[in-house]
Structures are given as C-alpha cells and as structure tokens.
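Notes to accompany the following structure.
Derivation of every value follows stated rules applied to the coordinates shown; laboratory data play no part. These numbers come from a predicted model, not from an experiment. FYI the Cβ positions are ideal-geometry reconstructions off the backbone, even for glycines, and counts take in every protein chain you see.
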Amino acid sequence: MRWNLSRRQFMRMTGAAAGGLAAGSLLPRGARAAREKELNIFCWEGYNSDAVLDPFRKEFDANVKAETQTSDPEAVNRVRAGESKVFDLINLNNPWARKVLWPEKLIKELDRGRFEPYFSKMMPSFKPPYRWAMSDDGQSLLGMCQRFGPFSFVVNTDKISRELAEDQGFDLFNDDKHAGKYGILTFDDWNVYHMCIGAGVHPFRAHTEEEIQAFEKVARKWVKNAKLLGGDPVQMNLALINGEIDFYCTGGTYTASPARFDGKTNIRGITPKRGPMDGKGGIVWIEVTSVINNPDGSPLAYDFLEYVQRPDVAKVVAFAEGTYNPVAQMGNADVQAKFSKEELDAIQWDSLEWELERSYEYDINPDYPRMIEILNAAKRER
Amino acid sequence: MIARLLIRPAFAWLRQPGLHAAVPILILLAIGFIGPLVLVAIFSFMPPRSFTLDGAPTIENYQTVVEQSFYLSLLRSFAFAAGTVVVLALVCYPVALGLAKLFGRYAGLLTLILVLPLFVSENVRLFGWVLFLLKGGGVLAGAAKAVFGLELADMLYSNTATLMGLCYVYLPFMLFPMVLGLSMVQRDVVEAASDLGASRWQIMREIELPLAMPGLVIGGLLTFVLSLGALTESKVLGGSKVIMIAADIESAFTFGQNWPLGSALSMLLLVLAGGLVLLVLRKLDLDAILKRR
C-alpha cells in the first residue's frame, strides 16, 4: 500500500484525528463506557503484587491497576483532595475507615448479608460485628479485614535477649548506655506513637502541655542517640544483621519477617510487656479495605473484596512480595494449613497470640500535627 | 493606516511562522511544566494543612519557614552541593583532560564504562555501596578481615559517606561538560604557549582553564543544582546524619501532610537555586565566552 497524501491532506487528517481525541476526552462521564472491566486500588504494598492481581485479572477479564501508599494520613488526604474519583478500593489501617472516611462520606457501606459471614471464618478476635470494620453506631459494615501485625520494635536476639527486650520495652531507647547502638526506621507517624510510649504517654489521646514536653524530650534524645535514621526496612534489617546496630524502632512482624524468612531468625519483632496504654506497651495494626465513594465506581470492587477472602488468595496476600504478615483468615484451618513451618516462623506465629494480648489497637493521635513538627525539628537540629 | 503601521512593529513577532509552529509545544510546556510550578506557588500561600486552593491567601507558611530551623537544612544542602562541586572539579579535571586529549581510541571505551551505571537506578547503585561499606558482612570489611585479618572502622552513616555518594552519583554530570569544554582548547594554542616559554602551570591557568570555562561552568552548575535537590544519598549512605532540604520538603508532603508548607519550602529552594544560576550565568557571559573560540 502506498500513501499518496499531499502535505495539506496530511495536516487536515492529523488535525481531525487530534480534534476527535480531544473532543472524546471532554465528553461527560456517562457518555463513556461504564467501568465494568476496570478497577483501581489504593493500597499498602502486597495487594499490588501480580501474584495477587493476575488471577483476578484473568478470571474477571479486568484491567486492574494498584497504587501503593506509604502513610495512612497521606492516603486519606489524597482521597479527600479529589482522588476518590480515581480509586475504587482503599486499604488502610484500622481507625481511618470508621473515624474519618465514613463520617466524611468518602467510602460506601458494604452489604452485611454478603460480607459479614466472612468475618465468622476469621480468627476469634475478628468475630462479627468487628469494631474496626463497623461504623460508630454499629449499623454499617465499612470494610473487610485481612492483614494485621504487632508493631513496636525489632531486636537482634544475639545482642539483646527477647526477655530483656520485652521487659524493658521502649526504655531500651531511653537508656544512655545504648546510645549509638540503635536505628530509627523513619515511618514518621509510627515514630511519634512509639516516642509517646517511650515518654510514658498514651499516644492515642489528647495530650496536656506537660505530656507534649515529655514527648519532645524523648524525641530529641532518641533522634540524637540513634546511629542511623532511614526509611527502608531492608536497610534496617541489614544494619541489624551486620552488627551496625542492635535494635531499631518502629518495626514488628511487618519489617522483621523478610529477614526471618531468609533464615535470620535472630531478628525478632518485640512487643513490650507493659506500657501507658491501659497497661499495654505495644501497638497492633489491622488493615481495613473499603469501597471508595467514587461517583463512577467499578462494580468489581465488591468482587475483589470477596476474591481476597478465598483461602489460596489469602495465603498469597500474607506472603506477597516485600513483607510477610499474618492474616485474619488464618482462623480458618484450610488457610492455616497452607503455611509451611518456616513461613509460620517468619511471621512469629508462636508468640502472636501473646503479643496481641499485650498490644493496643492502633488509633488516631489527635496531636499528631504538632508532634510531627516537633519530631522533624528534632531531626533537623540533631 | 498610520495606526496599523505604528502597531505592526510591536506585534510583528505574533505573525512569525516560527511562533505559530511552536504553539503546540508552548501549550504543552505551559500545561506540563509551568502549570505545576504555578500550582506549587499558589499552594504556598494557602492556609497550613489545607488540601485545596480555595483558602484565603496567607504568608503563614513562609513565616513558619523563617521561624523554625529550616535554615539548617538549607545551609547543609548548599554546603553539600558546594562540596560536591569542588571534589568533582578536582577529580574530573584530570580524567576530562585524558578523555579529551590523551586517551585516543580508548576514550570511547572509558566513556561507555562511565555512562553505563547511569542505566541503573540511583537507589540500586547507592544500595550497592551500602553492601560494599557495611561493617561485619559488608564486601569491603568482610574481605579485609578474611584476607588481611583487619577490622575496619565504620564507614557508613556519616557525612563523608553522604558526600561520597553525591560525588559518585553526579560524576558524569561534571565530567562530560568538562570534556566538551576541554576539547574546545586547540592543541596549536597550547603548543604556541609552550614554544613561547610558558610553564605547564601557566598553560593550564592562562590557556586551558579560560578556554574550557563554558564546560566547567555548565558542569559545575548542573552538579550544584542536582546535589542541592538530592536526598537519597543522605538517607541511604548518611543514615540521615543530616537532613537535606529536599528531605524536609518530602516530609512536609508525606508524613507531615502540610502541602502548603512543603510548597513554601519548594518555592524557597527554587528561588535560591534559580537566582544563583542566573547570577553565575550573568557574571560569566557564556555567549561571549563561546564566541571567543
């Protein structure tokens, strides 16, 4: 075939094509095809893994895109700022759906008849109606649960024994004798909560001026005495394994499990025995995945929530790339049977129940904006 | 008619075909390049912690920047950027001279070796250095212990490690403009100077450096501006011993959730870096230098 166009004809055709494209993008949403075959997920890493998404894509003949997020408040603010028009599902830690997204009408409720039975098959603490998946009035189901984990600090048990670490808790970081021997994994929001605990202050309540001052003292001390600060769990684990540091905070099963699965079982997430949160000294996070109130939402969002509850998929989610975590579905014997001894050891299954009993459920810190400013100043003025 | 004649020269540029042809790219640049910058500028005047542009404009964010200790990160970023330029100028000059004048057919191979790492992500390359410098099981410390029985001191998580990382990552940005600059120095001129009795030092100072100046200045500016906005080196190799201004900006946009503060810091960095570049380019009139050739 030969193209025999004059320059003028070519320009006219190109112009028409470009105009057509531009006009197409200006059409109102309803005039375009409905989003029955596409799904956009905003999640913590793991749900974006092809091991999780590819079978779903194939089965539902869907175009699924997943974007990972790295901080709950950031994700919430992006949805607030207008990305509720982009995403269909949001996967966050427990307090946000119930305390922020639902009151602000940023998520939709789920059909209790369809989704509540799944909670009955989860571990006993998730029995329905499960508090963090429900609205304040206990009427609406706001999301589904899956991954969770104790999250306090991580030690190299060759250097600091598990008993000592559990006994001392966050006082390990307060002790001058450990200056230069620990790292801080800069998940800044969690750093704030853990520094509160180190100051003997409940992180998830409104704070007095004295408590804020106590927090500042601890924040400055921990930052100053830390050997390294860094945002990458792999970096922290490597420093731990190679003797650069003996322990690091902010961390838990979520950060220690990849090293443990790699055979380094001397790297262990620790939950303190006691602390200022009604006597508890550790924190546990529980993820809740909700359907975003997208004006042009995809119906596949609901199918995806059911899909990840399947035993084989729940196992894949637990051991998706990057980090390994326990899943609530392990309450079902079929799911638990899918984990090998090494995998159970990687997620510290042996102490999980004990750790959960001593952990306070993650919540929102009302003084977070002020405390994060203090922490950032401490880092700059280190 | 007279009016038309009077107006014409002022707006004649509007009728240039060149401008008409450039309209698509101008629109693209306006939307994709200027637009976001304008957005950041507007955000910097919004009330703290707001996420929309409909708040009442305020200069509170700039006040916060001045009142709090952000000057520390700014000064450190400038110091590291200046340090990187100085170290790289010293390291790159002999290599550039070799590439431009001495290595002959090996210059191509060496260039390839120097360019290849650019195809690998910066994070991966820096993490490679971590594996190399870690104590205990790190490549260097492990080898020193196994072969020579030596215990090496800590090399990671220090300001020196950060500076090394910056120099390593930005080396090509200094080296290649320098090679171009030095290849503008003609051999005849150097030989003439030599015949007239100039010493090697005089030749470098009075012939090579002035003639190669455009390359040196461009390399220096590129390196300076890039290292000014760098943050990974300090995080990965320096263990955040110092907080760079880019890390403060990142923190404001992410964990801090204070977009207006992040925008104000970005604007400040943009104005300072932009101002500095303009100042240097004005002092060293590149056009004049280039024409001199």
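Of note:
- For B:Lys283, the lysines whose Cα falls under 20 Å of its own Cα, not counting residues fewer than eight places away in the same chain, are B:Lys291.
- Whichever lysines have a C-alpha closer than 18 Å to that of A:Lys341, once near sequence neighbours (fewer than 8 apart) are set aside: A:Lys264, A:Lys315
- Alpha-carbon centroids, the stretch B:118-165 and the stretch A:175-223: separation in whole Å: 30 Å
- For the residue pairs A:Lys227/B:Lys145; A:Lys227/B:Lys235; A:Lys121/A:Lys280; A:Lys221/B:Lys241; A:Lys37/A:Lys85; B:Lys145/B:Lys235, the alpha carbons lie more than 18 Å apart in A:Lys227/B:Lys145; A:Lys121/A:Lys280; B:Lys145/B:Lys235.
- Per-pair calculated FRET efficiency, R0 = 56 Å: B:Ile27 and A:Trp349 via Cβ, rounded to 0.05: 0.45
- For the stretch A:57-133, the Cβ-based charge dipole about the Cα centre amounts to some 220 debye (Lys, Arg positive; Asp, Glu negative; other atoms uncharged).
- Taken residue by residue and averaged, Cβ atoms of other chains lying within 10 Å of the Cβ of A:223-231 number 5.
- Percentage relative contact order, the stretch A:39-190, counting C-alpha pairs under 8 Å, at least six apart: 18 percent
- Each peptide among B:114-122, B:219-227, A:328-336 gets the average number of other Cβ atoms lying within 10 Å of its residues, and from highest to lowest they stand as B:219-227, A:328-336, B:114-122.
- Couplings for the stretch A:311-317, taken from phi via the Karplus curve 6.51 cos²θ - 1.76 cosθ + 1.60 with θ = phi - 60°, read x, 5, 6, 4, 5, 4, 4 Hz in order; Gly and Pro are left as x.
- Simple spin-label estimate for B:Asn123 and A:Lys85 in nanometres, 7 Å along Cα-Cβ: 2.9 nm
- Exercise: per-residue mean of other protein chain Cβ atoms within 10 Å, B:122-134: 2
- Amide H contacts under 5 Å for A:Ala66: A:Ile41, restricted to partners 5 or more places along the chain or on a different chain, H placed in the peptide plane at 1.01 Å from N.
- J(HN,Hα) series, the stretch A:35-43, from Karplus relation 6.51 cos²θ - 1.76 cosθ + 1.60, nearest Hz, glycine and proline x: 8, 6, 10, 9, 8, 10, 10, 10, 8
- Amide H contacts of A:Gln146 (H built 1.01 Å from N, under 5 Å, at least 5 apart or other chain): A:Glu287, A:Ala328
- Each residue of the stretch A:154-171 was assigned a 3J(HN,Hα) from its phi angle through the Karplus curve 6.51 cos²θ - 1.76 cosθ + 1.60 (θ = phi - 60°); the sequence is 10, 10, 8, 5, 6, 9, 10, 5, 4, 4, 4, 5, 5, 6, 6, x, 6, 5 Hz, with glycine and proline shown as x.
- In straight-distance terms, cross-link reach from B:Lys101 covers every one of the aspartates and glutamates whose alpha-carbon lies under 18 Å from its own, apart from those fewer than eight places away in the same chain; here that gives B:Asp188, B:Glu191, B:Glu206, B:Glu208.
- On full extension, the segment bounded by B:Leu19 and B:Leu90 gains 21.2 nm, given 0.36 nm per residue less the C-alpha separation.
- Partner shielding of A:369-378 amounts to 4, given as the average count of beta-carbon atoms from other chains within 10 Å of each residue beta-carbon.
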